[in-house]
Amino acid sequence: MARINPEFSKELKKYGGFDLNACYNCGNCTAVCSLSTSENSFPREMVRYSVLGLESEIETSLNPWLCYYCGDCSSTCPREADPGELMMSLRRWLTGKYDWTGLSGLIYRSLTASIIAFVVVAIGVIAFAYAQAFNLETILHIGHYFEMFAIGGVFAIILLPNIIHMWYLTILKPKTKVSLKTYIKSIGDLFVHMFTQKRTLGCDDNKTRWFEHFILVIGYLSLLFTTVFLDWFSAQNLFIILLGYVESAIVFTVTIIFVSGRIQKKKEVSQRSQPSDWFFVIGLLLMGLTAFIVRLFIDLNILDNNVWMYLFHLIILAQWALIIVPFGKWTHFLYRSFAMYFDKLKTLEGVYNE
Amino acid sequence: MKKKIGIYICHCGGNISDYVDVEKVKKAVENDADIFLAKTTMFACGDTNQNEMVDDITNMKLNGVVVASCSPKLHLQTFRSVSERAGLNKYQYVHANIREQVSWPHSDDKLGATEKAIKQVKAAIAKARLAEPLEPMTITAQKAVAVIGAGVAGIKAALQLSDMGTQVYLIEREPFVGGRTAQWERIFTSNETGKEIISRLYKDILSRDNITVFTQAEVVDYSGSIGDFKLMVKVAPRFIREHCVEDNLQKAIDVCPVEVPDSFNFEINSRKAIYNHYPSEYPYLPVIDIQNCTRCGECEKVCKNIDFSQKEETLNLQVGSILMATGFDPYTPADNEYGYKHIDNVITLPQFKRLLALNDSKLMYNGKVIKNIAYIYCVGSRQVNGDNKYCSRYCCTSTIHAAIHAKEKFGNINNYHFNRGIRTYGKQELLYDESSRMGDIYLQFFEDGEPQIYKEGNKTIVKVKDVLTKYKELEVEADLVVLVTGMVPRKDNAIGSLLKLPRGRDKFFNEIHMKLRPVETVIDGVAISGACQGPKNVTESVNSALSAATKSFSIVSKGEIDLEPVIAIIDKDNCTWCGACAEACPYDAIQKTVDGDKSYAVLNSTVCKGCGMCLPVCPSDAIDLTAYSNHEIENMIDALL
């Protein structure tokens, strides 16, 4: 039995702009949603749980992560309640819920907190550079190590515990019995979804968006690999240098498309941008762009006279690695992939057939 | 005078002629005595045939007409009108039904059908031979109307009748006018208060000189019939002559030691034995509730105008018609229905509405501040097992309106509506929308999944399997549970029994025809309006009141009324008064009269409907019926055999 909690909708409101009270249970959203099946009702079930404030039902559900926000439900809603944005807000709320530090929720709820975090990181980077007397070589060297340690640290301290928390909430808490065999058998799904976002193809009119997104993910991950493990900024190998250029160019050009989409607001999906969305796309854009320019400055031999350029890149990098990756929208990448994996486990164990 | 009868046999397209040989019927009767004309026609009711009939009757000076066609329910009036247009008395027209009674039921036996049709027509001819011209009876009508009940419907009807220029007696049983409407604080959808509406209406009444208002008045006896009802009205005294000077009235109320549950507030608080409900209440004079007064004399010490010597008065009124506007009672939940009277914070919708009116800054009940309110809909309406199968119409909207009102007035309130489908029809839908937008939560159940209310420690829990959440079991912790009770007929049906007003299965007063005669009753001259007829909101009550007022006025407006001449005739020489006829009469039209040592039955011809129930029970054959005399019926039977 679940107790109704009307305060929940006020809490959820802080995670996004949608109108829960407008819903009159017509079910149009479910009728148009390509994810809806007779057992699993998208997105109405989540709308209803949110209206009633059934937190434990929401936190144990994978459904918000299975939605790729095609926006059909929102454009079909006769009451303009914006169920698509509700699903988005639930994802933000869940991110906050999984995060053991509580910083995720804080950053999503409060723009001020986000800005303070960004400013603190920027000041930290500048202070570090000042301590190194703005010596390019040292900064470059430490910057490279920072990248490596940040990736490892963030993953071990923040992301891994959070994923385990997510697993606890969605698999363990609802008492889903999953055999080890199933875990192993389905592991492929995790990586397929992580790298291809295959499921989004199921949403109507999403082919272009999927392709852009796919290219971006591949570009971003390979750029990460190139800079961190192939040490692009110090590389002498022409192939690696060119590879880095291409990858960073892909990252910033594709993000420009996404940013302009959010500005033009033509598609349902890009109509309501929260600060966290802006931080994510702009961060990605600047990261690709600054990496490109930094390498260009290196090749043109003008970076020594323009240390500020690398500092700027490092600030973006630090903000990305310390704020957006562990606590911001980047985590979607991880949680979604795991949600697909966990969903596969549940499907194979026959949870939805009961 | 020699009879000249014309006969028309209808094909009805083929509905009749496919099974009945109409030509053979014509041949069988055209040579009978008194038959002057016999025709078959494709459609007797068609304009061409109607015009032909008018010409035939006029040119041939027919004094009897028979049409053999469909049911008289369909076209008796049509051909009576044709006769009248041709100058023939309409009672000399006779209808034979050879469709519903012959061609349709006997489609498997054409020969038999034709034979039966011939007999039906011959019977009709037998009646036509004897049919006499009749004229309607005209009676005088009193130019006054009694309106029973001074709620919003009664007052609006009285004002309407007064506008049309009729004397109105507005008779209210309670000490104050306004009825249920005065009890509601804010009323949907105009958001006026009931008090405001009633105050405005009675100010209007006071400006009229043709409306007489009686309060604490009850009709205890009545006689007569349409056009001339005689009502005996008992008026109870108020025991107060006029307002005490210098606000001593409040002192008088303060010193009264008696406390009784206040029915105006649906007994959520108490009042004194001397009281009024609110200061400006008409008739601007408080009242002493003599049933509960202990005659301690305290009030007399502070107010000189209290007068215990006042006596009950009896008035006799004469009116042409009666308009009923006696209203409804709110449904009282059964003992422990949803915890009523067992769980301390379970109240009814009317009580909740009074609670909203009586609280100012905080919503309190039983000394506790109320935040979470659960509303259980359809309590006492749409019952699966009980008698009240109907929907009470006003409650969904009223509840939602009250829920919005509570939120607006007291702020921090959560509303939970446990409903069986919301019926805020018409413009009331906007309120449903408004409440949803304000965050009210709607949970739905079907009749087989009623919410459960129980105590958990000192908390009250409402539990339901919500239809809108895939029958998931949900619970709410409620500070107050409001049972949305519907409307039931007045518990005290004294006036209804007195007038012998028929009631429907739902026990509300019944109209003649729900759609076409919505305010008339089978008692001629008695109209019904407002919620005494069935659940209605204020708007609907006023609509029906204005309609009933117009209908009542149409009876008294001309000063005389035409009545159907088809009635019983009693031969007093043959009557030995056994009382069987009076017992059989459903309209109370027969009374015993004693003339010297002879007793006999006398008919009230204005009440008699000519139904014929008295005829077969008379052992001495002393009763006959105009237009359906024993002689006529015997002749028809002879023709049929």
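Here, each number is a calculation from the coordinates, and none is a lab measurement. This is a predicted model, so every value here is computed, not measured. All Cβ positions, glycine included, derive from the backbone under ideal geometry; neighbour counts span all protein chains shown.
Here is how the numbers come out for the structure above:
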quantity: The range B:570-641: trypsin sites (Lys or Arg not before Pro) in DSSP coil with no more than 12 other Cβ atoms inside 10 Å; calculated: none
quantity: Chain A - charge dipole about Cα centre, Lys and Arg +1 at Cβ, Asp and Glu -1, debye rounded to 20; calculated: 680 debye
quantity: The protein assembly as shown: C-alpha gyration tensor shape, a/c 1.5 cut-off, then a/b vs b/c; calculated: prolate
quantity: FRET efficiency estimate (nearest 0.05) - Cβ-Cβ, B:Thr48 to B:Asp360, R0 56 angstrom; calculated: 0.15
quantity: The range A:8-98: proportion of alpha-carbon pairs further apart than 22 angstrom, %; calculated: 15 percent
quantity: Under 13 Å from the Cα of B:Lys2 - aspartates and glutamates, other chains or at least 8 residues apart; calculated: B:Asp34, B:Glu132
quantity: Among B:Thr593, A:Gly219, A:Ile324 the positive-end extreme of the charge dipole of the protein assembly as shown (Cβ point charges); calculated: A:Gly219
quantity: Segment B:Leu74-B:Asn336, length gained on full extension (0.36 nm per residue, minus Cα span); calculated: 89.0 nm
quantity: Which listed pairs, of B:Lys427/B:Lys515; B:Lys39/B:Lys127; B:Lys368/B:Lys427; B:Lys39/B:Lys116; B:Lys234/B:Lys491; B:Lys371/B:Lys491, have C-alpha distances above 24 Å, in listed order; calculated: B:Lys368/B:Lys427; B:Lys371/B:Lys491
quantity: Cβ crowding within 10 Å averaged over residues, with B:252-264, B:340-352 ranked highest first; calculated: B:340-352, B:252-264
quantity: Dimensions (Å) - the range B:5-130, Cα atoms, principal axes, largest first; calculated: 41, 28, 20
quantity: For the range A:206-282: Kirkwood Rh in Å [reciprocal of mean 1/r, alpha carbons]; calculated: 13.6 Å
quantity: Surrounding net charge for B:Leu285, when Lys and Arg each add one and Asp and Glu each subtract one, Cβ distance under 11 Å; calculated: 0
quantity: Average beta-carbon neighbours from other chains, 10 Å sphere, peptide A:47-59; calculated: 2
quantity: Tensor-based shape of the range B:246-302 (alpha-carbon gyration tensor, a/c under 1.5 rounded, otherwise prolate or oblate); calculated: oblate
quantity: Filtered GluC sites (Glu not before Pro), the range B:22-107: DSSP coil and at most 14 other beta carbons within 10 Å; calculated: B:Glu30
quantity: Dipole in debye (nearest 20) - the range B:90-131, about Cα centre, beta carbon charges: Lys, Arg +1; Asp, Glu -1; calculated: 300 debye
quantity: At 0.890 mPa s and 25 °C, Stokes diffusion of the range B:330-488 via Kirkwood alpha-carbon radius, µm² per second; calculated: 156 µm²/s
quantity: Inter-probe distance in nm under a simple model that places probes 7 Å from Cα toward Cβ, at A:Ala113 and A:His144; calculated: 3.7 nm
quantity: Neighbourhood charge, 14 Å Cβ-Cβ cut-off, centred on B:Thr606 and excluding it, Lys, Arg +1 and Asp, Glu -1; calculated: -4
quantity: Burial ordering of B:Tyr587, B:Tyr416, fewest other beta-carbon atoms within 10 Å first; calculated: B:Tyr587, B:Tyr416
quantity: For A:2-13, mean number of other protein chain Cβ atoms within 10 Å; calculated: 3
quantity: Given charges at Cβ of Lys, Arg, Asp, Glu: the protein assembly as shown dipole, positive-most of B:Ser17, A:Asn5, B:Ala548; calculated: A:Asn5
quantity: CD proxy at 222 nm, helix term only [per DSSP H run n ≥ 4: -39500 (n - 2.57); per residue of chain A; nearest 500]; calculated: -20500 deg cm²/dmol
quantity: Cα-Cα pairs of the range A:110-348 separated by more than 21 Å (percent); calculated: 63 percent
quantity: Full-stretch length increase - A:Ser56, A:Thr176 - with 0.36 nm per residue and alpha-carbon distance subtracted; calculated: 41.7 nm
quantity: C-alpha center-to-center spacing [the range B:522-539, the range B:570-641] in angstrom; calculated: 33 Å
quantity: Cα-based equivalent ellipsoid, chain B: semi-axes from gyration tensor eigenvalues, Å; calculated: 59, 34, 21
quantity: Candidates per trypsin sites (Lys or Arg not before Pro) in the range B:482-550, loop by DSSP, up to 12 other Cβ within 10 Å; calculated: B:Lys491, B:Arg505, B:Lys515
quantity: Theoretical ellipticity at 222 nm over chain B - DSSP helices of four or more residues, -39500 (n - 2.57) apiece, nearest 500; calculated: -8000 deg cm²/dmol
quantity: Partner chain coverage, peptide B:460-469 - average Cβ within 10 angstrom; calculated: 3
quantity: Three-way shape label, the range B:568-625, alpha-carbon gyration tensor, a/c 1.5; calculated: prolate
quantity: For A:Leu224, net neighbour charge (Lys/Arg +1, Asp/Glu -1) across residues whose Cβ lies under 14 Å away; calculated: -3
quantity: Dipole magnitude (debye, nearest 20) for chain B, charges at Cβ of Lys, Arg, Asp, Glu; calculated: 880 debye
quantity: If the convex hull is drawn through the Cα atoms of the range B:133-292, its volume per residue in Å³; calculated: 162 Å³
quantity: Relative exposure of A:Arg91, B:Arg517, judged by other C-beta atoms within 10 Å (fewest first); calculated: B:Arg517, A:Arg91
quantity: Under 24 Å from A:Lys344, Cα to Cα: lysines that are on another chain or at least 8 residues apart; calculated: A:Lys97, A:Lys173, A:Lys175, A:Lys177, A:Lys181, A:Lys185, A:Lys198, A:Lys207, A:Lys329, B:Lys470
quantity: Cα-Cα P(r), the range B:404-535, percent of pairs per 10 Å interval; calculated: 10, 28, 24, 21, 15, 2, 0
